[in-house]
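Undergrad: Pasting a structure here, questions to come.
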Amino acid sequence: MDVRISPSRVRGTARAPPSKSYTHRAVLAAGYADGATVRNPLFSADTAATARAVEAFGGETERVDGDWAVVGFDGDPRTPADVIDCANSGTTMRLTTATGGLVEGLAVLTGDASLRSRPQGPLLDALGQLGVRADSTRANGRAPLVVGGGTAGGTVSIPGDVSSQYVTGLLMAGAVTDGGVEIELTTELKSAPYVDITLEVLEAFGIEASVVGGDDSEIEAAGAEGFAVAGGQTYAPEGGSYDVPGDFSSMSYLLAAGALAAEDELVVEGAYPSAQGDSAIVEILESMGAAIEWDRADGEITVGRSDMAGIEVGVADTPDLLPTIAVLGAAASGTTRITDCAHVRLKETDRVAAMASELGRMGIETEEKADELVVYGGDPEGATVRGHDDHRIIMSLAIAGLVADGETTIEGAEDVDVSFPGFFEALSALGVDLVET
């Protein structure tokens, strides 16, 4: 599917979809439990992959009136009867590869071409340290993966600068081993707020896990030397259910639309505080000069069109915001420098290179470095751009199209279903002139 966007103003009220990160963790936590209801989840291509994995390990999932009813495997995943297809979901693969290490037999996990190119070696190595059989079929640290044989738990050393999802998978699986799991980080932890999300979900499901070290009062996992989770625990959320909060990663596109193209003001609902690091988008917009107010009690953010100026911002803990920040920088005056972004190259696509390439098509000068993207603000021009099979690239380019001089066509735009089904419908409801072809 291609989407053609004409320059537009936005107005009215929008609601961000439920959090993808929380939904993944909650559905898998319900799988580890005897069962639970995940309320207000994100139903998307990625989260559906996690639900399929829960079913493969012996659970059952059913969509009931907008919720996900899960019958779990009660801490004892069975050996899957077939290969687990994680599609394009790196979160699914990394979290459930650790689950697969618990089975008596072997579990095989694979995905699409993009997912099969992403690094899983550090997680396989960590599972191997726990006595799990953990192999890459191509011996290159990438899927297809073969894991299994079970583990009693133990201590592992793992880098923290490739993916925080390795830590999440080990903590979630470690809680149901006999001896628990202790994780020693060999490098600085990137994307620490995502581990905070994991700790929050674990606590809600009755699981005790702890941070070793740490030096930040707001982000519990920041500066951590490691993590620990005791074994023999039981997943059981209070009242048998868990409520998923709104997704700030997806919200960032709506807020950027308001800051760049609001006719008067745009109100985004569902913005309640949580452990999500991507709530930093509010502070980033403020720093760039946006007229923005966040009513945390009511979960509403109001943003109006503003004259924006470039800033320097690091994304070590907020990698998913890089495409949004790059587009804001493209339409701002001056220079926007996005630092600490080497790990953003390991997402669905190399998002640093992809944004540099596609903004270049729109007449915006950029400078790409190994760990940095520099965007020189100007006047974006309408162009035909590629989505790179990446939902975040597609959505950010759609926002750029609102203020481009001329029509913008995004090729391969269907991948927004990964995290924000109905994204283009939401833009249309806000007054955006667009056509899907």
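Undergrad: Search the stretch 397-413 for residues being touching an Asp or Glu at 6+ places or on another chain (Cβ under 9 Å) and in a helix (DSSP H, G or I), and hand back the single one that is surrounded by the fewest Cβ atoms within 10 Å (Cβ to Cβ).
TA: Out of the qualifying residues, it is Ala413.
Undergrad: Further question on the same structure: Are there any pairs, at least 6 apart or on different chains, whose C-beta atoms fall under 6 Å, with the first in the stretch 185-200 and in a helix (DSSP H, G or I) and the second polar (S, T, N, Q), and if so, which?
TA: Once the first residue is in a helix (DSSP H, G or I) and sits in the stretch 185-200, its partners that are polar (S, T, N, Q) give Tyr194/Ser164; Val195/Ser164; Ile197/Ser21; Thr198/Thr168.
Undergrad: Take the residues of the stretch 419-437 that are outside any helix (DSSP H, G or I) and touching a Phe, Trp or Tyr at 6+ places or on another chain (Cβ under 9 Å): which is nearest to Ile394 (Cα to Cα)?
TA: Selected residue: Phe420.
Undergrad: With the structure loaded, tell me whether Asp161 is touching a residue at least 24 places away in the same chain (Cβ under 8 Å), among the acidic types (Asp, Glu) and either touching a Ser or Thr at 6+ places or on another chain (Cβ under 7 Å) or in the same structural domain as Ala26 (by TED's automatic domain parsing) (or both) or whether it fails that test.
TA: Against the criterion (touching a residue at least 24 places away in the same chain (Cβ under 8 Å), among the acidic types (Asp, Glu) and either touching a Ser or Thr at 6+ places or on another chain (Cβ under 7 Å) or in the same structural domain as Ala26 (by TED's automatic domain parsing) (or both)), Asp161 qualifies.
Undergrad: While we're here: Can you confirm whether the stretch 383-392 contains a residue that is among the basic types (Lys, Arg) and closer than 25 Å to Arg305 by Cα?
TA: Checked against the condition, which is being among the basic types (Lys, Arg) and closer than 25 Å to Arg305 by Cα, the stretch 383-392 yields at least one hit.
Undergrad: Mind checking which residues of the stretch 123-132 are in contact with a helix residue (DSSP H, G or I) (Cβ under 8 Å, 6 or more places away or on another chain) and either part of a strand (DSSP E or B) or farther than 14 Å from Leu106 by Cβ (or both)?
TA: Leu123, Ala126 - these are the residues of the stretch 123-132 that are in contact with a helix residue (DSSP H, G or I) (Cβ under 8 Å, 6 or more places away or on another chain) and either part of a strand (DSSP E or B) or farther than 14 Å from Leu106 by Cβ (or both).
Undergrad: Continuing with the same structure: Among the listed residues Glu381, Glu358, Glu312, which satisfies the condition of being over 30 Å from Val435 (Cα atoms), modelled with pLDDT of 95 or more and not basic (Lys, Arg)?
TA: Only one candidate passes the filter, namely Glu312.
Undergrad: Looking at the stretch 120-132, is at least one residue within 14 Å of Gly169 (Cα to Cα) and of a type in the set (D, E, K, R)?
TA: Checked the stretch 120-132: at least one residue is within 14 Å of Gly169 (Cα to Cα) and of a type in the set (D, E, K, R).
Undergrad: Hey, another quick one. Of the residues Gly128, Gly154, Gly72, Gly149, which is surrounded by 22 or more Cβ atoms within 10 Å (Cβ to Cβ) and not hydrophobic (A, V, I, L, M, F, W, C)?
TA: Gly72
Undergrad: Also, quick follow-up: For the stretch 38-118, please list each of the strands (runs of 3 or more DSSP E) lying entirely inside it that holds at least 3 residues being over 16 Å from Ala26 (Cα atoms) and not hydroxyl-bearing (Ser, Thr, Tyr).
TA: Counting at least 3 such residues, we get 106-110.
Undergrad: Here's a follow-up. So if I check each of Ser250, Ser217, which one is in the same structural domain as Leu321 (by TED's automatic domain parsing), among the small types (Gly, Ala, Ser) and either out of contact with any His (no Cβ under 7 Å at 6 or more places or on another chain) or modelled with pLDDT of 95 or more (or both)?
TA: Ser250
Undergrad: Right, another one. Do we find a residue being hydroxyl-bearing (Ser, Thr, Tyr), in a loop (DSSP other than H, G, I, E, B) and surrounded by fewer than 21 Cβ atoms within 10 Å (Cβ to Cβ) anywhere in the stretch 266-275?
TA: yes
Undergrad: Could you tell me which residue of the stretch 307-337 is farthest from Met395 (Cα to Cα), considering only residues that are of a type in the set (D, E, K, R) and buried (at least 22 other Cβ atoms within 10 Å of the Cβ)?
TA: Asp317
Undergrad: Within the stretch 159-184, track down each residue that is touching a Phe, Trp or Tyr at 6+ places or on another chain (Cβ under 6 Å) and farther than 19 Å from Thr92 by Cα.
TA: Ile183, the sole residue that qualifies.
Undergrad: Tell me yes or no: at least one residue of the stretch 58-81 is within 18 Å of the chain's Cα centre (by Cα) and either under 27 Å from Ala113 (Cα atoms) or free of Cβ contacts under 8 Å to residues at least 12 places away in the same chain (or both).
TA: no
Undergrad: Where in the stretch 277-391 are there strands (runs of 3 or more DSSP E), lying wholly inside it, with at least 1 residues that are aliphatic (A, V, I, L, M)?
TA: 291-295, 300-304, 312-314, 335-339, 372-376, 384-386
The values are calculated or read from the model by the stated rules, or taken from the named source; none is laboratory data. Since we're looking at a predicted model, the values are computed, not measured. With ideal geometry, Cβ positions are generated from the backbone for all residues, glycine too; neighbour counts draw on all protein chains shown.
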